Protein chains: 2
Amino acid sequence: MNLTAEYQKMRDLGARLSDLTAALAVMQWDLEVMAPPGAAARRAAQIGTLAGIRHEFLLERYRPVVLRLAEVAAADDAKLYFIHRRNILAAAESVEKAAALPSDFVAKSAEVCANAQTVWETAKKNNDFPSFAPYLEAVVELKREQARLYRNAMPGRFADDYSALLDDYEPGMSTAEIDAVFTQLSPALRRLTAAAPPPDKRPLFPVDPDPAAQLKLCRKVLALMGYDFERGRMDVSAHPFTIGFGPEDVRITTRVVSGAPLSSLYSALHEGGHALYEQGFSPVAYGLPEAEACSLSIHESQSRIWENNVGRSLECCQALFDDVAALSPTRLAGYGPEDLFRYVNIVQPSLIRTEADELTYHFHILVRYELERELLSGTLKAGDAREAWQEKYAAYLGVRPGNDAEGVLQDVHWAHGSLGYFPTYTLGSLFAAQFFAYAQAAKPGLNDDIAAGRWNTLTKFLSENIYLHGRIYSSQALCLHVGGEKLNPDYFVRYMESKLKILGGR
Amino acid sequence: MNLTAEYQKMRDLGARLSDLTAALAVMQWDLEVMAPPGAAARRAAQIGTLAGIRHEFLLERYRPVVLRLAEVAAADDAKLYFIHRRNILAAAESVEKAAALPSDFVAKSAEVCANAQTVWETAKKNNDFPSFAPYLEAVVELKREQARLYRNAMPGRFADDYSALLDDYEPGMSTAEIDAVFTQLSPALRRLTAAAPPPDKRPLFPVDPDPAAQLKLCRKVLALMGYDFERGRMDVSAHPFTIGFGPEDVRITTRVVSGAPLSSLYSALHEGGHALYEQGFSPVAYGLPEAEACSLSIHESQSRIWENNVGRSLECCQALFDDVAALSPTRLAGYGPEDLFRYVNIVQPSLIRTEADELTYHFHILVRYELERELLSGTLKAGDAREAWQEKYAAYLGVRPGNDAEGVLQDVHWAHGSLGYFPTYTLGSLFAAQFFAYAQAAKPGLNDDIAAGRWNTLTKFLSENIYLHGRIYSSQALCLHVGGEKLNPDYFVRYMESKLKILGGR
């Protein structure tokens, strides 16, 4: 085999596969941000056709080349460059998973989840979990079958069913590792939540700030982060998201929420972090795992590091105070950066995951993780999920949902068929704290730079240490590579401890 | 063969082919209207990949089914429904043409034209035709080869090279028919141009109207026409265009031009006409020729009928006068609908095709048509095209371009590789006049309805007589079907004569 020619072939076919992925993403972005209401049904069918054609291309054209190269790479052929070997092995892992699912299973899966999502929307509106329960059961049955298909196709690769599903979002991570994380994290979360200062109830913004002014501030903050508007754009949508069509075109959306005056800003910080990651992939590696996201947790770490480690720091509140104050007609008279810092760091157990603070957020994830595992193993029936949800919320957060919309039906993920996804949110916060600590060690002036608006210091660190590696390492291997240590929840605990110290809790 | 099952198969595969066509169109719309500047190069590659995959799908999956059915249809099998037979034969004609071009020719063609377009842009900016001439020569050589490929693959179908190329845009039309059109039309154009009243030089709008107010009027006019904003949207772009992703999502763009106060309105009328056509395709026929445009000339007839036959009529000027007057801060003091009518019907030979009046426009087309034929046959070398252009403009229009940007380099079409395209613009105006006459005969109150803003009368006529037939007839057969007569330039001549009579020329 001519290795150079074969590797080039993998890269060319990978680029064409990425082109198809990008086309799907453009269709999706357009549907969510631009398309007229009448377009939805036809667009869904068009996206389905394109997804099917992409899957065929992956299996029939891309996979054979990848597998031939993977044999060489597995033998650790000395003639292979390190980076080539990593790209080949990462590509092989993902094509193996794609090949494990027969196309009739993929089609059935799409149909079951499409139905589940439609029913979920109505059920949430009507606070009617029982009408959704049979559809949840069907999704769970599907995911069990998917795990079986993965484990039969790749014997020995996954220790249990949940690991096989988790791996779709977090390649290489296992249920046992997630368990270990929560075992270490939970007592600390309890201790820190109890120690947090009581929330300051004074309203910071008596009146909603002007939406146009909010969006202007979002753009300013994105520019501070180093987001390149020549290679992206910001729009408004109901649910903020980031989507990329290659490193030259990575778009974000934010939203303006009445009664939540800083929601647009923190959405922009969050989505901006995701977008910096994708704008930071090497354009010449387009089509290779090297120019793809490592995992969902690493993607999330890049949003959380800006939203929380930077965005909810005292230094950031100093940097942005004048701009934030200018949003209010009263210019926050009598307040200072410290008040803003307290305002964006209120710790208080609540019902809705997406509105939770940095600490109690992870109990929301723990509830979902435990329920998912029980549903998958069959020890919990879908019909009993509402009750189990309420018990766990009472036990972990001390709150009880008054209806299903603020309870078991609040998230779309299960209706989407995304089981094994939630833990990556917690992992993302933990990786973010760990990477932020590494950045502080590598750039001793980082905190001062944040306070002075020189945010590029952090962007440079992340570019060199995270973005450029794409998906050539697993998340654990990447973390080891960046700081010499695997994921360690202590970084997050220490980060929250030092924040609470400044906030002056017990 | 189970005819029903096989026809259903053609339809299903046709729908998937249309899905891919729609994906390409979404990528294109997004590129032109939404994408950030950095995205262009990568997007071009992504569009190339998708186009290649679409071509493969057409040849390998769609074509065999169509050809099997075409054999039955050619034998005029009594068991075939009329509409099925028409759909099969129309599909067969287009797959035959697609199959005639080897994929290396298609790839070479894309490359030659992409280069030519880049060079054209710079050459136009620098008024430097000589730098573009070799690229034009390369394009012409390519088109010669393409014509040869068509004629070899389909012996006897095309009388000459130019007909083979024209057929890409105007299926079934021949060079001889275009010649006959111009032979009949040219003397009339000359006579009518000479008889037109001298232009009224009073400026109608001393100050540019507010862009937002212009766009609001565009939306109002589109709604009058029956354009469905639930199945489309209007944006602003440098060059107005219409693009559809199925009948449920057909979008238009317009532009606001300083110094041309009604440019946005007439662009909206023009593009709105194109869009009504595509919104009017039967959604259940999606994937069949029945839900595709008949030809470029018929598409153009649908835009011209609104822009000119309706939009430049005295009745339209009566219907819209108050709205147009409201665009001006002075509210067009001292003017009335008749002044507006005169203003939008000024006949005056000029240099730029896209700004030409209804009469002299066709001399711009004749120049291009004659030059194209000479270039293709080799009697004119690309390097001599500038001089030939200037001579023809002097002869037909009595004007001489001062530079290449307002001369031989003004249009992108040749750089695009679109040879054989220009005549469809003239055919479009002629079909529009003929269809408008048929509509007036079928709906005796049509003119009053236009004056009263009841424009739906025309939309209904076009829906029933044009839109619903899609591509099951050739343009000539469609015209025969609508009014019992093939294309006849006399309708256009009579239409212009009666307009000049109202305008009061010699």
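FYI, it's all coordinate maths here, none of it is from the lab. Predicted model, so just to flag it, every value in this text is computed and none were measured. When we count neighbours, we look across all protein chains shown, and the Cβ atoms used for this are built from the backbone with ideal geometry, even at glycine.
Rg/Rh for the stretch A:176-288 (Cα atoms only, Rh after Kirkwood) is 1.10. Computed over neighbours whose Cβ is under 9 Å from that of A:N87, the net charge equals +3, Lys and Arg +1, Asp and Glu -1. Once the Cα-Cα distance is subtracted from the 0.36 nm per residue extended length, the B:R191 to B:A223 segment shows a gain of 7.8 nm.
When B:P64 is represented by a point 7 angstrom out along its Cα-to-C-beta vector, the spacings to that point in the other copies are 1.7 nm, nearest first. Note on the stretch A:227-373: dipole from Cβ charges, positive end direction compared against A:I365, A:I352, A:A285; the farthest Cα belongs to A:I352. A label point on B:P155, set 7 Å along the Cα-to-Cβ line, lies at 6.1 nm from each of its counterparts in the other copies, closest listed first.
Which FRET efficiency value, to the nearest 0.05, do you get for B:A451 and A:N456 by plugging their Cβ-Cβ distance into 1/(1 + (r/R0)^6) with R0 = 56 Å? Computed FRET efficiency for B:A451 and A:N456 comes out at 0.30.
Our coupling estimate for the stretch A:254-260, obtained by passing each phi through the Karplus curve with A = 6.51, B = -1.76, C = 1.60 and θ = phi - 60°, is 9, 9, 10, 10, 5, x, 10 Hz, Gly and Pro reported as x.
Taking every C-alpha pair closer than 8 Å and separated by at least 6 residues, the mean separation divided by the residue count of chain A gives a relative contact order of 20 percent.
Determine the calculated [θ] at 222 nm for chain B from helices alone, applying -39500 (n - 2.57) to every DSSP H run no shorter than 4 residues and normalising by the residue count; nearest 500 deg cm²/dmol. Provide the component values of the computation, followed by the final result.
On the way: 21 runs with 311 residues, N = 506.
The helix contribution divided over chain B gives -20000 deg cm²/dmol.
With the convex hull of its Cα atoms as the shape, the stretch B:4-88 has an orientation-averaged projected area of 6.3 nm². Here the simple spin-label model places points 7 Å from the Cα toward Cβ, and for A:A110 and A:A78 these points are separated by 4.8 nm.
Using square roots of five times the C-alpha gyration tensor eigenvalues, list the equivalent-ellipsoid semi-axes of the protein assembly as shown in whole Å, biggest first. Before the final figure, lay out each step's value.
Values: eigenvalues 656, 239, 159 Å².
The three semi-axes for the protein assembly as shown are 57, 35, 28 Å.
Across all directions, the average flat footprint of the convex hull enclosing the Cα atoms of the stretch B:3-152 is 11.2 nm².
Going by C-beta contacts inside 10 Å, put B:C294, B:C113 in order with the fewest on the left. Don't jump to the answer; show the numbers that get you there.
On the way: B:C294 28, B:C113 20.
The fewest-first ordering by Cβ neighbours comes to B:C113, B:C294.
In the stretch A:281-368, the ratio of gyration radius to Kirkwood radius, Rg to Rh, stands at 1.12 when only Cα atoms are counted. Principal semi-axes of the equivalent ellipsoid, √(5λ) from the alpha carbon gyration tensor of the stretch A:238-327, are 28, 14, 11 Å from largest down.
Quick one: B:M225, B:M496, fewest Cβ neighbours within 10 Å first, how do they rank? Can you show the working numbers first?
Working: B:M225 20, B:M496 23.
In increasing order of surrounding Cβ atoms, one gets B:M225, B:M496.
Any chance you could run the full-extension gain for A:L468 through A:A159? It's 0.36 nm times the residue separation minus the Cα-Cα distance, nm to one decimal. Display every interim value, and only then the final one.
Working: separation 309, 0.36 × 309 = 111.24 nm, distance 3.06 nm.
My answer for the length gained is 108.2 nm.
Of the cross-linked pairs A:K201/A:K392; A:K220/A:K460; B:K97/B:K143; B:K220/B:K460; A:K201/A:K499; A:K108/A:K143, those separated by over 21 Å at the C-alpha level are A:K201/A:K392. Computed log10 I(q)/I(0) for the stretch A:87-134 at 0.14, 0.24, 0.27 Å⁻¹: -0.55, -0.81, -0.90, from the Debye equation with unit scatterers placed on every C-alpha and solvent omitted.
To the nearest 0.05, how large is the calculated FRET efficiency for A:D322 and A:I346 if R₀ is 22 Å and r is the Cβ-Cβ distance? Let's see the in-between values first.
Numbers: r = 22 Å, r/R0 = 1.00.
The pair A:D322/A:I346 has a calculated efficiency of 0.50.
The stretch A:77-140 to the stretch A:162-229: how many Å between their Cα centroids? If we compute the Cα centre of each part, the gap is 25 Å. Across the identical copies, the 7 Å label point of A:D12, projected outward along Cα→Cβ, sits 3.4 nm from its counterparts, in ascending order.
Computed log10 I(q)/I(0) for chain B at 0.09, 0.12 Å⁻¹: -0.66, -1.24, from the Debye equation with unit scatterers placed on every C-alpha and solvent omitted.
Over all residues in B:248-257, what is the mean tally of Cβ atoms on other chains that come within 10 Å of each residue's Cβ?
On the way: counts 9, 12, 3, 4, 0, 0, 0, 0, 0, 0.
Mean shielding count: 3.
Identify the residues of the stretch A:236-267 with backbone N under 18 Å of a label point that sits 7 angstrom from the Cα of A:K125 along the Cα-to-Cβ direction, or state none. Counting only backbone N, you get A:238-239. In this simple spin-label approximation, A:N152 and A:T379 carry label points 7 Å from Cα along the Cα→Cβ vector, and these lie 2.6 nm apart.
Going by how many other Cβ atoms sit within 10 Å of their own, how do A:S295, B:S163 line up, fewest first? Display every interim value, and only then the final one.
Numbers: A:S295 25, B:S163 22.
So the ranking, lowest neighbour count to highest, is B:S163, A:S295.
Counted as membrane-span-like here are DSSP H helices of chain A whose alpha-carbon atoms extend 27 Å or more along the helix's own axis and whose Kyte-Doolittle mean is -1.0 or above; these are A:3-33, A:103-126, A:129-153, A:175-195, A:423-442. In this structure the amide hydrogen of B:E248, modeled in the peptide plane, comes within under 5 Å of no amide hydrogen from residues 5 or more places off or on another chain.
Take peptide A:47-58, look around each residue's Cβ out to 10 angstrom, count Cβ atoms belonging to other protein chains, and average those counts. Could the numbers behind the result be given before it?
On the way: counts 2, 2, 9, 7, 0, 2, 9, 1, 0, 1, 3, 0.
Neighbouring Cβ atoms belonging to other protein chains average 3 per residue here.
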